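Worksheet: one structure, shown below.
The values are calculated or read from the model by the stated rules, or taken from the named source; none is laboratory data. Every value quoted in this text rests on a predicted model; they were computed, and no experiment measured them. Cβ atoms come from the backbone with ideal geometry, glycine included; neighbour counts cover every protein chain shown. Ligands, DNA and RNA are excluded from the accessible area calculation, which covers all protein heavy atoms including side chains. Shrake-Rupley method; radii C 1.70, N 1.55, O 1.52, S 1.80 Å.
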Amino acid sequence: MDPANHERYSRQILFRGIGETGQDKLLASRVAIVGCGALGSSQAALIARAGVGALIIIDRDFVEESNLQRQTLFTERDAAERLPKAVAAEARLREANSGVKVRGIVADLTADNIAELLSGAALVLDGTDNFETRYLVNDFCVQSGIPWIYGAAVGSYGVTMTIRPGSTPCLACLFPEPPGGMHATCDTEGILASVATAVASLQVTEAMKLLVGDAQSLHSRLISFDVWENRFQALDPGPPSEGCRACQRREFVYLSGSRAVPITLCGRNSVQIHERRRPLDFSELEKKLKPLGAVRYNPYVFQFAAEPYELTIFPDGRAIIKGTTDTGVARSLYARYIGA
């Protein structure tokens, strides 16, 4: 090991579960984080400082002031400039640990790009805020034999489970279908930064166990807790479910794209429109929309306010329509201002 690395990670190397051999394995590993919000930003900071060799951060969103209470990588300047989270995270992590090869990717993870974006990752950390993307990650990881670590946090409640294809139940075993009806989100219930940090800490610790080759120390439980109500639970999920459509029948419906839907974003009265492979020229878009409302943009995002709505548009044509949760209204606004 390089002497500089030995000094940097000396306290981690002293820990019996890692040692010099384990640190070498971390330095040679490649990890992907899907989503860089409350969970993902904490995961990224922890795993980068631990010395993972390469880190991919995939996020479709931009920094807003309301993120700063819990999304620990970002600053007021990031929010003022409306920087994409992946871009801001990459810059911050390069400052924290220049030895890690960090790549922030501004993208919506989809069936079309997941194989390319997660290629070469030894494991995947779940920092998402919706079940559709989690099922997509589950399908890909089960098909590819890559471990991934599920996590979620809302209010003061957190939950996590490590999924190892071929050894543990997968997400589709636990939840064959997305939860129906109304369920809590950070938009309706709020969220404590401490619960997101707690979930991320458990996820990253499990990731480190896998990366150093200590699978025996994995907790092998579905862990849930409420940090405000002081409730903690660790359930044995049992074996993979007989007949599970993903890990048993190998039916990867989310990878086929047949389950892709517009996604209502956590923490916002918004809908995302999936318009990929439609490159946009922001300077031309400014000429078109400036007479119709307030416009501001940088190389990463274009914002257009048409009261009571706000459109945030990305270079690939994807857009977030703020001010509605009605997908029909969102699609209509997209067609009106950007094109059908």
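Odds and ends about this structure:
- Given the chain, longest segment not containing exposed loop GluC sites (Glu not before Pro) (DSSP; at most 15 other Cβ within 10 Å): 1-228
- Axis of helix 327-337 versus longest Cα principal axis of the chain: the two differ by about 60°, to the nearest ten degrees.
- Measuring nothing but how far apart in sequence close Cα pairs (under 8 Å, 6+ apart) lie, relative to its length, the chain scores a relative contact order of 14 percent.
- For LYS322, a cut-off of 30 angstrom between C-alpha atoms picks up these lysines, skipping any fewer than 8 places away in its own chain: LYS85, LYS287, LYS288, LYS290.
- Expressed as a whole percent, the accessible area of region 208-248 that falls on carbon and sulfur atoms is 47 (1.4 Å probe).
- Exposed chymotrypsin sites (Phe, Trp or Tyr not before Pro) absent: longest stretch of the chain, with sites in DSSP loops and at most 14 other Cβ within 10 Å deemed exposed: 16-227
- Peptides 41-53, 209-221, ordered by how many other C-beta atoms sit within 10 Å of their residues on average, highest first, read 41-53, 209-221.
- For LYS25, the lysines whose Cα falls under 22 Å of its own Cα, not counting residues fewer than eight places away in the same chain, are LYS101, LYS209.
- Rg/Rh for the chain stands at 0.97; both radii use Cα atoms, and Rh follows the Kirkwood definition.
- Relative to the longest principal axis of the Cα atoms of the chain, the long axis of helix 85-96 lies at roughly 40 degrees.
- Carbon + sulfur, % of accessible area of region 60-174 - ligands and nucleic acids excluded, 1.4 Å: 44 percent
- In degrees, nearest ten, helix 131-144 long axis to first principal axis of the chain (Cα): 50 degrees
- Three-way shape call for region 54-172 based on the alpha-carbon gyration tensor, with the a/c threshold at 1.5: prolate
- Accessible area of the chain divided out per residue, in Å², using a probe of 1.4 angstrom: 46 Å²
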